[in-house]
Every structure is written in structure tokens, then in C-alpha cells.
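Participant: Structure provided below as C-alpha cells; questions to follow.
The values are calculated or read from the model by the stated rules, or taken from the named source; none is laboratory data. Worth saying up front: this structure is predicted, and the values here are computed from it rather than measured. Glycine gets a Cβ as well: all are built from the backbone with ideal geometry, and neighbour counts include every protein chain shown. These accessible areas exclude ligands, DNA and RNA; they are computed on the full protein's heavy atoms, side chains included. Shrake-Rupley method; radii C 1.70, N 1.55, O 1.52, S 1.80 Å.
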Amino acid sequence: MKTKGSQRFSKRQFLRLGIASLGVAAAGISPFRSLAKKLTDMNAGTPSPPAGPGKYSKESLYYVLTPKGVKCQLCPNQCVLKEGQEGLCHNHVAYDEKIYSIAYGNPCSVHIDPIEKKPLFHYLPSAESFSIATAGCTLACLNCQNWEISQVSPKTTKNVEMFPAQVVQEAAANGCKTIAYTYSEPLSFYEYTYDTAKLARARGIKNLLISNGYINEKPLRELAKYIDAANINLKSFTEDIYAKLNGGSLEPIQRTLKILKEEGVWLEITNLIVPNWTDKMDVIKEMCEWLVASGFAGYPLHFSRFFPLYKLTSIPYTPLSTLEQAREIARKAGINYVYIGNVPGTDYENTYCPKCKKMLVERRGFTVTANNIKNSNCGFCGTRINGVWG
């Protein structure tokens, strides 16, 4: 399917095109504005031909040549690649004793979302976020909600051409205050994320990292210079579950959280509670106590309901009572802002003052319906409310 530069779409036509071709769930997606007429060939072809890197490739900044092959140093997977072989993330490939990203300027998902969808509840409420993703991920979660794009290569997805400067231009043209690197795993398309974030910073657009946090320290600290806010998915709190459920390990995520805090990035943390996997209350208690001891008591924690997806379709969704129990454990541990996500129609997505307990921000779905925070303080008792509110 191709579109000419002069062609315009009706709202209905464009929504159908975006949902059918860009490969993410339709819930909460906002229609494009100026972007609609600029879509190029959705079947972008093979970004990197077998002979070597191509148009949608960029040399990685983090690799070393070893006697066994080229070793990627971007994330803890530490893949050692032979000529033409791709890493576990599906979008870093070895060519001519170098490693290239083949996920550069070829996103498979581009949408405009409310920032609350990320979720980021304490950062620029109601801001629109220009959201992009390429195929690939550094982990292999059995319960992945976007597995159609996260567990495959950019060579197999339907992509749109959009290099970093174009991303920033489209965000600005659509009135978006933020750009979110999201949906799959932005650390797996690191080079694209990094270059886009640098240009966005220069343009005054904020950068949001929605990530699993699975990255080595050096590339993380370099990227953090240009990231304004992040939601890190702390998937469990045992090495055993991280290995069996997610194909990774816990320690690098703990390090990522600490580094982002050190670098001044606003942080929110998500913990998806998967029945029979991550619903043990003693482990949740240990996680919350570690967060408080590590200086994260003032950062929001989002407990999220699991829905049967990908390779865990036989497991039921998370009971609300389990999520409520986890929330109470977190509050007793000393975490000031605790939310429950993926449960429509409850009050658990509202923000309450940790001192006077009055409701400050009311949310319905991804919409803010009331905001009683004044100059970053509670509008009732004056208590400072952590976050970036304006």
C-alpha cells in the first residue's frame, strides 16, 4: 500500500490505515493530523539487504570485536554475532566486523497518545505524546502485549519511513509537547531513540522512555542526558522469575532505576501482576521495601492488571483483590503514590495528597477530569506533590 505526498485521508480512512498497518492495539489511539498525508510505503521492504547495511541502518556505538565474533555491549544480553547474524533483540546485526542497528528511521508504529497512556501520571498531565516504535526487544516476555512487533525483526514488519528529524518535525507540527519511545522496546532501537532524543531536546520537545530498563550502564548514562521522563517496567523481583518469564535478569533493572534517578530523569515504575508468576505478596513487599530504601518512595508505582496474551493465554486476568492487596502493601511500605492500571471505572488511577488525603487529580481512562495541584503543591493543604506538573 502506497500513499502519494499530495493524497489526503478522511479520519475514518486514516484510522483504518493506522490500525491495520501499524500493528498496535487500537485502544486510546488518537488520529494523526499533518502526518496522514506524509505516510510513505507501508511495506518498506528489507531495511538491511543480506550484502550489508542499507538505508535504514546505523552503526552501533557499543560493540567490540572478539575472536568469537562481534560482541554487542548495548544490553546485558551481550550477544556475540557472526557475519550476518542478528542479536536476541532482532534489530542489531553483524556486518564486516561491525554491529549495525537495522531499526533506524523505519518505525512500525506511530501514534499520538495522551501521556497518561504510557503511563505517566506525574509528568505534564494531559500532554499529547508523539509515540514511535520499531520492531524488536531486549527481552522475550511470555506475556508480551505487543509481541507481534516486539518479538520480530524490522525486516518482517510493515514500516513507515521516518528518520529522527522527521519525527521531531511531525511532533512539532502536531502540537505534541513530548515524544515517547514506546510500544516495543526503545533500548533495542537505541540508535534511533538516541538521535531523535537529541534533536527533540534542541527543539524544546520532551523525551519519554517507556522501557523494560534492560541496558548496560554506559549507553544508559549517555541516553539519559536527553531523557526527561521514564516509565520503567519492573517486571518481578526475583532472578528466577525474570529468567523464566521474561528471559532476563533483575539486577540490571535495579541499576537502571538508580542511574535514571541519579541523572535527574523523572521516574514512574510499573509492575504487572501476573497470576501464578508475580502475585506473591511477600515478594511484592520485598520489592516495595527495596524501592523505599533506594529512595523511590516519592515516585509513582503502577500495579497493572494482566490480561491473557501471547504465550500465557490460559492464565486468567489478575483479580482486583490481588491488585488492591499489592497497593496496600506498597502504601504501608511508604510509597506515596500507588496506582492500579488496566481496571476501568475505579478510583485507583486518581492522585491523592499523601498528607491530607484529598483527591488532587481525577482521571477517567486517559483523560484528566480535575486537577487541584497548584504550583506543584496540594491545592488544599499546600503539601509538595512530586512530579513535573506544568
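Participant: Which residues, counting only those in region 229-251, are out of contact with any helix residue (DSSP H, G or I) (no Cβ under 7 Å at 6 or more places or on another chain) and open to solvent by less than 10 Å² (accessible area, probe 1.4 Å)? Break it down stepwise before answering.
Facilitator: Initially, region 229-251 is screened for residues out of contact with any helix residue (DSSP H, G or I) (no Cβ under 7 Å at 6 or more places or on another chain), giving 229, 231, 233, 239-247, 251.
Listed by number, the residues that qualify are A229, N231, Y242, L245, N246.
Participant: Looking at (1) part of a loop (DSSP other than H, G, I, E, B); (2) open to solvent by less than 30 Å² (accessible area, probe 1.4 Å), find the lone condition where D113 falls short.
Facilitator: (1)
Participant: While we're looking at this one, here's another question. Of everything in region 122-139, what is among the hydrophobic types (A, V, I, L, M, F, W, C) and over 14 Å from T178 (Cβ atoms)? Give them in sequence order.
Facilitator: A133, A135, C137, L139
Participant: Taking only region 274-329 into account, find how many residues are among the acidic types (D, E) and either outside any helix (DSSP H, G or I) or more than 21 Å from L250 (Cα to Cα) (or both). Before you say what the answer is, go through the steps one by one.
Facilitator: Here is the first cut: in region 274-329, the ones among the acidic types (D, E) are 279, 282, 286, 289, 324, 328.
Restricting the remaining residues to those that are either outside any helix (DSSP H, G or I) or more than 21 Å from L250 (Cα to Cα) (or both) gives 279, 324, 328.
Looking only at that region, the number is 3.
Participant: Starting from residues that are touching a strand residue (DSSP E or B) at 6+ places or on another chain (Cβ under 6 Å) and among the β-branched types (V, I, T), keep the ones in region 212-254 and report whichever is farthest from N271 (Cα to Cα).
Facilitator: I227
Participant: OK, next. When you scan region 257-301, how many residues do you find that are open to solvent by less than 20 Å² (accessible area, probe 1.4 Å) and either of a type in the set (A, V, I, L, M, F, W, C) or more than 11 Å from I335 (Cα to Cα) (or both)? Write out each step before concluding.
Facilitator: As a first pass, look at region 257-301 and keep what is open to solvent by less than 20 Å² (accessible area, probe 1.4 Å): 257, 259-260, 265, 267-271, 273-275, 278, 284, 287-288, 291, 296, 298, 300-301.
This time we only want the ones that are either of a type in the set (A, V, I, L, M, F, W, C) or more than 11 Å from I335 (Cα to Cα) (or both), so: 257, 259-260, 265, 267-271, 273-275, 278, 284, 287-288, 291, 296, 301.
Of the residues in region 257-301, 19 are open to solvent by less than 20 Å² (accessible area, probe 1.4 Å) and either of a type in the set (A, V, I, L, M, F, W, C) or more than 11 Å from I335 (Cα to Cα) (or both).
Participant: For residues that are within 14 Å of F303 (Cβ to Cβ) and not in a loop (DSSP other than H, G, I, E, B), scanning just region 333-357, find the one that is most open to solvent (accessible area, probe 1.4 Å).
Facilitator: Only one residue fits best here, namely A333.
Participant: I'd like to check something: does region 376-383 contain any residue that is of a type in the set (V, I, T) and either outside any loop (DSSP other than H, G, I, E, B) or without any contact (Cβ under 8 Å) to a residue 12 or more places away in the chain (or both)?
Facilitator: no
Participant: Against the condition within 16 Å of P300 (Cβ to Cβ) and over 21 Å from the mean Cα position of the chain (by Cα), how does A370 come out, does it pass? Walk me through how you get there before you give the answer.
Facilitator: Values: within 16 Å of P300 (Cβ to Cβ): no; over 21 Å from the mean Cα position of the chain (by Cα): yes.
In short, no.
For every residue, the table says whether it meets (1) closer than 28 Å to Y352 by Cα; (2) in contact (Cβ under 8 Å) with a residue 60 or more places away in the chain; (3) under 17 Å from the mean Cα position of the chain (by Cα).
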{"position": "T238", "(1), (2), (3)": "no, no, no"}
{"position": "E262", "(1), (2), (3)": "yes, no, no"}
{"position": "N271", "(1), (2), (3)": "yes, no, yes"}
{"position": "D279", "(1), (2), (3)": "yes, no, no"}
{"position": "I284", "(1), (2), (3)": "yes, no, no"}
{"position": "C288", "(1), (2), (3)": "yes, no, no"}
{"position": "T322", "(1), (2), (3)": "yes, no, no"}
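Participant: Please go through region 197-223 and give me each residue that is open to solvent by 10 Å² or more (accessible area, probe 1.4 Å), in a helix (DSSP H, G or I) and more than 29 Å from E286 (Cα to Cα), ordered by number.
Facilitator: The answer is K198, L199, R201, A202, R203, E222.
Participant: Of R363, R384, R305, which residue is open to solvent by 20 Å² or more (accessible area, probe 1.4 Å), at pLDDT 95 or above and within 22 Å of the chain's Cα centre (by Cα)? Outline the logic, then answer.
Facilitator: Working: R363 fails: open to solvent by 20 Å² or more (accessible area, probe 1.4 Å); R384 fails: within 22 Å of the chain's Cα centre (by Cα).
Unique residue meeting the criteria: R305.
Participant: Can I ask one more? Can you name the residue in region 76-99 that is open to solvent by less than 40 Å² (accessible area, probe 1.4 Å) and touching a His at 6+ places or on another chain (Cβ under 9 Å) and is also farthest from L223 (Cα to Cα) among such residues?
Facilitator: Only one residue tops the list, namely L81.
Participant: Being out of contact with any strand residue (DSSP E or B) (no Cβ under 8 Å at 6 or more places or on another chain) and either at pLDDT below 95 or over 14 Å from F121 (Cα atoms) (or both) is true for just one of G379, G334. Which residue is that?
Facilitator: G334
Participant: In the list Y194, Y226, which residue meets the criterion of being assigned to a helix (DSSP H, G or I), open to solvent by 10 Å² or more (accessible area, probe 1.4 Å) and either within 18 Å of Y62 (Cβ to Cβ) or free of Cβ contacts under 8 Å to residues at least 24 places away in the same chain (or both)?
Facilitator: After ruling out the rest, the residue left standing is Y194.
Participant: How many of the residues in region 290-320 are touching a Ser or Thr at 6+ places or on another chain (Cβ under 9 Å) and more than 21 Å from Y352 (Cβ to Cβ)?
Facilitator: Step one: filter region 290-320 for residues touching a Ser or Thr at 6+ places or on another chain (Cβ under 9 Å), giving 300-308, 318, 320.
Checking the rest, the ones that are also more than 21 Å from Y352 (Cβ to Cβ) come to 306-308, 318.
So the answer is 4.
Participant: Right, something else. Looking only at region 87-133, how many residues end up being closer than 26 Å to A243 by Cβ and touching a Cys at 6+ places or on another chain (Cβ under 7 Å)?
Facilitator: 6
Participant: Can you name every residue in region 177-188 that is more than 12 Å from the chain's Cα centre (by Cα) and open to solvent by less than 10 Å² (accessible area, probe 1.4 Å)?
Facilitator: Matches in region 177-188: T178 only.
Participant: Another question, then. Would you point out the residue of region 116-150, among those that are more than 14 Å from the chain's Cα centre (by Cα) and of a type in the set (D, E, K, R), that is least open to solvent (accessible area, probe 1.4 Å)?
Facilitator: Filtering region 116-150 for residues that are more than 14 Å from the chain's Cα centre (by Cα) and of a type in the set (D, E, K, R), the one least open to solvent (accessible area, probe 1.4 Å) comes out as E128.
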